[in-house]
1. Which one is nearest to E447 (Cα to Cα) among residues in segment 472-497 that are among the small types (G, A, S) and assigned to a helix (DSSP H, G or I)?
2. Given the residues T433, T457, T465, which is the only one that is among the polar types (S, T, N, Q) and within 30 Å of S211 (Cα to Cα)?
3. Considering every residue within segment 233-256, establish whether at least one is part of a helix (DSSP H, G or I), closer than 29 Å to P22 by Cβ and not basic (K, R).
4. If the requirement is being under 28 Å from the mean Cα position of the chain (by Cα), crowded, with 17+ Cβ neighbours inside 10 Å and of a type outside the set (S, T, N, Q), which of these qualifies: A236, A213?
5. Give A422, A443, A415, A458 a once-over and let me know the one that is surrounded by fewer than 14 Cβ atoms within 10 Å (Cβ to Cβ) and of a type in the set (A, V, I, L, M, F, W, C).
6. Would you check if G149 is out of contact with any Lys or Arg (no Cβ under 9 Å at 6 or more places or on another chain) and farther than 29 Å from K32 by Cβ?
7. With respect to G164, determine if the residue is surrounded by 14 or more Cβ atoms within 10 Å (Cβ to Cβ) and either among the small types (G, A, S) or closer than 22 Å to R11 by Cβ (or both).
8. Does Y278 fit the bill of being closer than 21 Å to L367 by Cα, among the hydroxyl-bearing types (S, T, Y) and in the same structural domain as F355 (by TED's automatic domain parsing)?
Amino acid sequence: MTPKRSTETERKFRIDADQPIPELGEIVTLGKRKTYQLSAVYYDTPDLLLARNRRTLRRRTGGHDSGWHLKLPGDGDSRTEMQLPLTTGSRARLVPEALRAQVAEVIGEAPLVPVVELRTRRTEIQLTGPRGGSLAVLCDDTVTATRRGTEESWRELEVELTRGDEELLERVTEVLAAGGVPVSASVSKLVQAMGERLAEAEEPPRPRKASTARVLGDYLATQVGVLQALEPQVRAGEVEPVHQVRVATRRLRSTLRTFRSVLDREVTDPLRDELKWYAGLLGATRDPAVLAELLRAEVADLPATAVVGSVDTQLDRALAEQQQAAHQQLLAAMDSPRYARLGTALMELIAEPPFGEYAGARAKGALPEFLERADRRVLKAWKKARKSEDEASGPAWHLVRKRAKAARYAWEAAAPTLGADAAEIATAWKRVTQTLGIAQDCALVREQLPGLAAAATAAGQSAFTHGVLFQLQSEREETARTDGVQALRAARKLIQG
């Protein structure tokens, strides 16, 4: 849906709670009064990029313009407002993509989450001209802001032009100022509500002195931002964004598991389960595309004598059908209430992180214990895999890769605080996951090839090349696993000094 666009010109004024409004009778006539109860949830990035760039995004109910409102800066007191109707049901609190797209240049892949709720008692007074037509609206607002359990209240006036001009606004401003009601220093209610938090957000980050909660919160927020920002591309079936979102879900799940002792598991354990569900759908969509690309390259490298029939076309068609079916299942899931609830839960994870008391400790001192534990889990899985010489060795090595991913993501999260050494270890674990990932891809290809060969035979085509590819993947898997062992040894040497 395309947002409704309009231009508004308004100015805010600071007024005490019991202060009378100065007389405006020499300029305008005070017309009808109406009182409303408004409730608005404002959305921004965790570091308030919208507010810092004079943009506000809210979901408001009450009054005569309930809906989603995005305000963009204009010239002087003018702003562009974009509106969409309220979303309902399980998607009620999720930011519409059409509005997120309007601020993408400002926020990039940062997540949009609720940052404050405002309840406003508004009295609207029409300011009319000599002929009785409305020139402006004077809003007398008593506002209560709620943010992370704390409340703050204030009163403000707002004058919005309807048919009046800038000269009228200046004359009203002069009269109000003369009566002790100056122009507000806050350009929006959001800026007023965030106060010191906005000033803190503008300060450069100091990761070396950050708490565990801050370090992990920033890492989690980055992943949630990827899920939000790339949703349109995932819906469109673009392969690389599907991969990026799948990786982000893995990072989220892994972080919630690795650092679970400083989190409220009643909140995070169910969230991990839902992320696993979503990651599975993403994987089912992406894997056929990866396999098709891999097999296409393998067939192209085979000698002509090893390629019998149009095997590349048959493989492409079969895997494309798998991908299309999986993508339809993914779309159905993304349109479901379950997916919407996941999106809402991820917003809440960032807006109100469920950290326990120990998360307040300095990250530089607290994180190494978690990192060492993650490293030990990889080495333990590797030891078991080395003892597996039968058919179970595949799953055993897959577990090594999963544990290496967990270690990699943990070190990635810690790198801004612990520095270059942590980044180097994260890179070492990344090499492990990449080499063992090649082995895993080869194993997946081998699993697919018998079925693809059977389909070729049923269609009256030769399955000879399928057998050649099967053998080739077995050899490549063994080579990749050897490379993985070398990468594991390098990582072990690095973490053990």
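The values are calculated or read from the model by the stated rules, or taken from the named source; none is laboratory data. All of these numbers come straight from a predicted model, not from anything done at the bench. Quick reminder, even Gly has a Cβ in these numbers, built from the backbone with ideal geometry, and neighbours come from all protein chains shown.
1. First, pick out the residues of segment 472-497 that are among the small types (G, A, S): 474, 480, 484, 487, 490-491, 497.
Within this subset, residues satisfying the condition of being assigned to a helix (DSSP H, G or I) are 474, 480, 484, 487, 490-491.
On the way: S474: 11, A480: 17, G484: 21, A487: 25, A490: 30, A491: 30 Å.
The extreme case among them is S474.
2. Numbers: T457 fails: within 30 Å of S211 (Cα to Cα); T465 fails: within 30 Å of S211 (Cα to Cα).
So the residue among T433, T457, T465 that is among the polar types (S, T, N, Q) and within 30 Å of S211 (Cα to Cα) is T433.
3. Taking segment 233-256 first, the residues part of a helix (DSSP H, G or I) are 233-235, 239-256.
From the residues that got through so far, the ones that are closer than 29 Å to P22 by Cβ too are none.
Among the residues of segment 233-256, not one is part of a helix (DSSP H, G or I), closer than 29 Å to P22 by Cβ and not basic (K, R), which makes the answer no.
4. On the way: A236 fails: crowded, with 17+ Cβ neighbours inside 10 Å.
Result of the check over A236, A213: A213.
5. Numbers: A422 fails: surrounded by fewer than 14 Cβ atoms within 10 Å (Cβ to Cβ); A443 fails: surrounded by fewer than 14 Cβ atoms within 10 Å (Cβ to Cβ); A415 fails: surrounded by fewer than 14 Cβ atoms within 10 Å (Cβ to Cβ).
From the options A422, A443, A415, A458, the qualifying one is A458.
6. Working: out of contact with any Lys or Arg (no Cβ under 9 Å at 6 or more places or on another chain): yes; farther than 29 Å from K32 by Cβ: yes.
When the stated conditions are applied, G149 passes them.
7. On the way: surrounded by 14 or more Cβ atoms within 10 Å (Cβ to Cβ): yes; either among the small types (G, A, S) or closer than 22 Å to R11 by Cβ (or both): yes.
Here the answer is yes, as G164 does meet what is asked.
8. On the way: closer than 21 Å to L367 by Cα: no; among the hydroxyl-bearing types (S, T, Y): yes; in the same structural domain as F355 (by TED's automatic domain parsing): yes.
The answer is no for Y278.
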